[in-house]
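Working notes, structure below.
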Amino acid sequence: MGYKDIFFDLDHTLWDYNTSAKQTLFELYDRYELSATGALEKEKLLEAFLTINEDLWDQYNKGEVSKYFLRTQRFNMVFEKIGVNQKLFPQDQVLRFNHDYLHECPQKPNLIDGALELLDELEGNFNLHIITNGFNDIQGTKLEMSGLSKFFKYVITSESAGAKKPFSGIFEFAFKATNANLQHSIMIGDNLTTDIKGARDFGLDQVYFNPDKIHHSEEVMHEVYELQEILRIVS
């Protein structure tokens with residue numbers, strides 16, 4: 001197809017969100033002595049967080065909750081779910097826990113298997129960019145601390161674009177910023193709605209990264225289970 005510009009999603013596509021969240025939450029569980037509050041074990045904290053976080057991000061992407069709500073209420077919901085005693089762990093502690101999570105998790109350097117190898121292969125042959133629904137400060141930290149920032153010419157966030165995937169506004173913003181040609185560009189991401197449907201509706205070629213081989217009925221142009229498979233698609 002003669003691709004020149006490749007647009008990547010960040011979380012769950014290149015940066016390993018789940019591993020980073022697990023490490024951070026386990027560290028904070030011990031630091032804040034959550035076991036003394038009646039909380040369930042660390043694994044239940046992680047399970048509750050990932051479920052609630054995914055639901056909240058889905059609502060955020062649809063415009064149903066705000067950035068402020070997502071950032072400030074997420075752990076209230078998590079702690080309620082796992083049975084943290086509010087008298088032993090009051091709201092000021094929840095706020096500090098939330099602050100520490102937001103500060104520390106993005107600093108984790110964990111990447112999806114094969115991410116660095118893929119980007120090393122692509123660098124110099126393509127213009128590489130990020131399109132993410134994440135926030136400027138958080139996503140910037142992830143890119144810097146993981147060593148990914150050097151690969152990307154432009155990083156487009158929903159915050160800077162004033163629009164979120166899957167809506168066309170963020171893609172319009174990205175193509176104006178990068179001066180990329182739609183016919184010679186492709187989007188790579190792990191989310192069937194925000195990344196794949198969003199790109200397809202915009203007329204942009206797309207690759208669905210599906211490492212867990214989740215069954216779906218969505219129309220996709222390409223589907224890969226490992227990042228290295230992308231090389232045969234763009235070459």
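Annotations
- Spherically averaged projected area of the convex hull of Cα atoms, the chain: 12.4 nm².
- Relative contact order of the chain: 25 percent, from C-alpha pairs under 8 Å at least 6 residues apart in sequence.
- Sites matching trypsin sites (Lys or Arg not before Pro) across the range 122-157 that sit in DSSP coil, with at most 14 neighbouring C-beta atoms within 10 Å: LYS153
- Label zone of ASP113 (point 7 Å out along Cα→Cβ, amide N under 19 Å): in the range 192-235 this covers 208-215, 223-232.
- A DSSP coil position with no more than 14 other Cβ atoms inside 10 Å describes the following trypsin sites (Lys or Arg not before Pro) in the range 174-223: LYS213.
- Dipole of the range 1-107 [Lys/Arg +1, Asp/Glu -1 at C-beta], most positive-end residue of GLN23, GLY83, TYR3: GLY83
Every number in this text was worked out from the coordinates using simple rules, so none of it is lab data. Source: prediction; values computed, not measured. Note: ideal-geometry Cβ built from the backbone for every residue, glycine included; neighbour counts use all protein chains shown.
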